[in-house]
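These notes are about the structure you will find just below.
The values are calculated or read from the model by the stated rules, or taken from the named source; none is laboratory data. Source: prediction; values computed, not measured. No Cβ is skipped: glycine too gets one built from the backbone with ideal geometry, and neighbour counts run over all protein chains shown. Note: areas computed on protein heavy atoms with side chains; ligands, DNA, RNA excluded. Shrake-Rupley method; radii C 1.70, N 1.55, O 1.52, S 1.80 Å.
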Amino acid sequence: MTSTLPSSGAAAGPRTSKRTEMLESRPVNLDGFVEEWPEKGLVAMESDFDPAPSIRVENGVIVELDGRPRAEFDFMDTFIADHAIDVDVAERANAVPSDEIARMLVNPTVGRGEVLDLTRGLTPAKLLDVVKLMNVVEIMMAMQKMRARRMPANQAHSTSARDNPIQVAADAAEGALRGFAELETTLGVLRYAPLVAIGLQIGAQAGRGGVITQCALEEATELDLGMRGITGYAETISVYGTESVFVDGDDTPWSKAFLASAYASRGIKMRFTSGTGSEVQMGNAEGRSMLYLEIRCILMAKGAGVQGLQNGSISCIGVPGAVPGGIRAVAAENLVCNMLDLECAAGNDQSFSHSAMRRTSRLMPQMLPGQDLVCSGFSAVPNSDNMFAGSNLDVEDYDDWNTVQRDLQVDGGLRHVRSEEILAVRNRAARALQAVFAELDLPRITDDEVEAATYADSSADYPLREVLEDLKGAQSVMDRGVTGLDLVKILERTGFSDIAENYLQVLRQRVSGDLLQTSAILDADFVPQAAINDANDYAGPGTGYRLTGERWAELKRLRHVTSAENPEEEVS
Amino acid sequence: MTTTLGPADYPLSVRRPDLLRTPTGTPLSDVTMAAVVAGDITNEDLRVSPETLQMQGEISDAVGRRQLAENMRRAAELTAVPDEEVLAIYNALRPRASSRQRLTEIAERLESVHAAPLCAALVRESAEVYEARDLLAPEGE
């Protein structure tokens, strides 16, 4: 066919319209998109190369799983068959047609417990078969019922491009005050970890007592800081969906299961981490779809007896984000986590798009139905300071987030806080850290740094630290065996009794073990709220978690709300 | 314990503080700021006891979380194992880190020294699977 397109006649190629030029310059076109390649596992959740569901049980042992006989099991199959799937219901559950299970998931008159009684026996391929039938709205409907805890919550990152512990403390204090239930940090220079983890903990307890904190490091150091009581929980315990990638990560389901018991033995809350796209990104998806492999991860976590999982693609979000239906698959993986009765820290974590509209649409499937933790890393620092490679949401989005909560009457775990209150907790966190550093004979925190922390936005707003001196100090914290209890004592004797008391309350949780139960967080009265005493009881309209009363009144407030009686006045 | 705990007992720190003691035997109610300042509380006190983990496991079981309960019971066993040894066992369980003999020794030690049969079973099971999947280190390493 002869082209009928107009030609510019110039060597620069065909002439484009002003419209096309405008669209070409839109941020969304900076994002990467790629065709599916199912043979290599570059496909979200619908692949001809995924196995068909099957199960066979003999003498109480699963001898066939998704078309594979036991003799051919890889270690994931073995672990899932022997630990994750409840054999007593397996054959009955897998015999239920997938569309029937999918309908039970969206039908509010079918209780969560009734669904769990089936899902605890399903194979990976069967779970995939069920969620494949569901569109994104159905996935959200199911999430609303199936998430473990009734009241949703949120988690933030507090990090610093300069690993500045004062910045981390001040931003943790602000984040805690704004409503995050959990705060996470990590490092640019790993040796800074003890100082930054101390800053995070003190900042959190200065902002709102009971917020729990973690420092993402390699497994052994992370456990060490936890055992000392410098951090309160752990999350970056990665698991993978294929044996080869698991081994590349220098772990197995048995090493990770042992680690889960190790954390629990010290009274420390822990969850695993996994996500769609990690296997294909690490180059060995064994020709399976991203969601099929992720479902194997979720089952592995279940089998290990860990209370929860951080999933929702997390650091691999660029992979599902680039393929058709990828963000639907990410929502589906959160749902499967819910269907297996695990706490879900639901992603909305690493940044994946230049488009504000795409960033928002990506978080709707978790924010609207609610998740145990809607984000597993809203950046409570500017993304330029985010050492987890940036988040889908950062401090620039605080007011937008609060407004969306108010517009849709949805609880995303945050609230607007007046500037004076924020300045007060930032200042107090920085002063408390100043006192702790002085008592521990660590490099001095100056009054100028405290002043900077009070009013700063990013790490660029702080005086530079003597990094080498700080690193020596960090090492001495480890060498001297400084513990959380030491920090409590220092805070108490230096005039920060309130922060000391909050910190001690968090440490006391390790004695009770209450935070080891599914989806446990601490409320402002230090009462553990888990999927036991705050179990999700959604059963249709008018039931489950409802944003009403005092909490709704709180979320009606924004930075600028005009008084109805006096339009000249703001009431925030 | 004569009765089995259930969801009504959770959170233990609020509903059943009478049952909670630190590993050194201090009642949780005695873990106060005054006691901390007086130096009566050590970091060792701020740990979970095996009895408490067993109780949490009962609650997990009662709400239908079998695997979580099993983890609580393995954890109860590990409370007796020193930090360094816990980390060493974890490292030994990494792929191709240990020979079959080494894993067997770890399992035996868990059983005989630490009275940790559930953890020992997990280690033994890993040895079986690692052998089948060629994930053992050669003997002598």
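Quick notes
- Rounded if a/c under 1.5, otherwise prolate or oblate - region A:508-572, Cα gyration tensor axes: oblate
- Amide H partners (placed H, <5 Å) of A:M270, local residues excluded: A:A234, A:Q307
- With a 1.4 angstrom probe, the accessible area lost at the B-A interface totals about 5300 Å².
- The alpha-carbon atoms of region B:81-141, seen along their principal axes, cover 29, 20, 16 angstrom, with the largest extent given first.
- Within the assembled protein chains, the solvent-accessible surface assigned to A:T186 is about 20 Å², based on a 1.4 Å probe.
- Phi-derived couplings, Karplus 6.51 cos²θ - 1.76 cosθ + 1.60 at θ = phi - 60°, listed residue by residue for region A:350-359: 4, 5, 9, 9, 7, 8, 4, 5, 5, 4 Hz, with x used for Gly and Pro.
- Counting only heavy atoms of the protein chains and using a 1.4 Å probe, A:T109 has close to 120 Å² of accessible surface.
- Lysine pairs in the protein assembly as shown with Cα atoms under 17 Å, if 8 or more residues apart or on separate chains: 4
- Given charges at beta-carbon only (K, R positive; D, E negative), |dipole| of region B:1-79 in Debye: 280 debye
- Which of B:V63, B:T79, B:S13, positive extreme of dipole for region B:1-79 (C-beta unit charges): B:V63
- Against the criterion of solvent-accessible heavy-atom surface with a 1.4 angstrom probe, A:T20, B:T3, A:T78 sort, most first, into B:T3, A:T20, A:T78.
- Solitary cysteines of chain A, where the nearest other Cys Cβ is not under 4.7 Å: A:C215, A:C297, A:C316, A:C375
- For A:R358, net neighbour charge (Lys/Arg +1, Asp/Glu -1) across residues whose Cβ lies under 12 Å away: +2
- Surface per residue (accessible, 1.4 Å probe) for region B:81-141, Å²: 49 Å²
- Largest mean-square fluctuation among B:L20, B:L12, B:L87, in a Gaussian network model of chain B whose springs join Cα atoms under 10 Å apart, belongs to B:L87.
- Here's how it looks for A:L42: its modeled amide H is under 5 Å from those of A:W37, which are all 5 or more places away or on a different chain.
- Euclidean distance between Cα centres, region B:1-65 to region B:70-138, Å: 27 Å
- In order along region A:290-296, phi translates into HN-Hα couplings of 4, 6, 4, 5, 5, 4, 4 Hz, rounded to whole numbers, per the Karplus curve 6.51 cos²θ - 1.76 cosθ + 1.60 with θ = phi - 60° and x for Gly and Pro.
- Solvent-accessible surface of chain A, taken per residue with a 1.4 Å probe and all protein chains present: 36 Å².
- Rg and Dmax of region A:222-303, based on Cα coordinates, read 13.5, 43 Å.
- FRET efficiency estimate (nearest 0.05) - Cβ-Cβ, A:E396 to A:R557, R0 30 angstrom: 0.95
- In Å², nearest 10: area of A:W37 left accessible to a 1.4 Å probe: 140 Å²
- Take each residue in A:303-314, count the other chain C-beta atoms within 10 Å of its C-beta, and the mean is 3.
- Translational diffusion coefficient (Stokes-Einstein; Kirkwood radius from C-alpha pairs) of region B:1-54 at 25 °C, 0.890 mPa s, in µm²/s: 205 µm²/s
- Around B:A8: net Lys/Arg minus Asp/Glu count, Cβ-Cβ under 10 Å: +1
- When you filter the GluC sites (Glu not before Pro) in region A:9-116 for DSSP loop state and at most 12 other Cβ atoms inside 10 Å of their Cβ, you are left with A:E35.
- For the residues of B:54-60, the average number of beta carbons from a partner chain within 10 Å of their own beta carbon is 4.
- Proximal charge balance of A:V28 [Cβ under 13 Å; K/R count +1, D/E count -1]: +2
- Extension gain from A:S361 to A:E114, taking 0.36 nm per residue of separation minus the Cα-Cα distance: 85.8 nm
- Built amide H within the under 5 Å cut-off of A:H157, gap 5+: A:E184, A:F378, A:S379, A:A380
- Per residue, the convex hull spanned by the Cα atoms of region A:492-546 amounts to 77 cubic angstrom.
- Cα-based convex hull, chain A, per residue volume (Å³, whole number): 198 Å³
- Shown in residue order for region A:392-401 are the 3J(HN,Hα) couplings computed by the Karplus curve 6.51 cos²θ - 1.76 cosθ + 1.60 at θ = phi - 60°: 4, 9, 9, 4, 4, 9, 3, 5, 4, 4 Hz (x for Gly and Pro).
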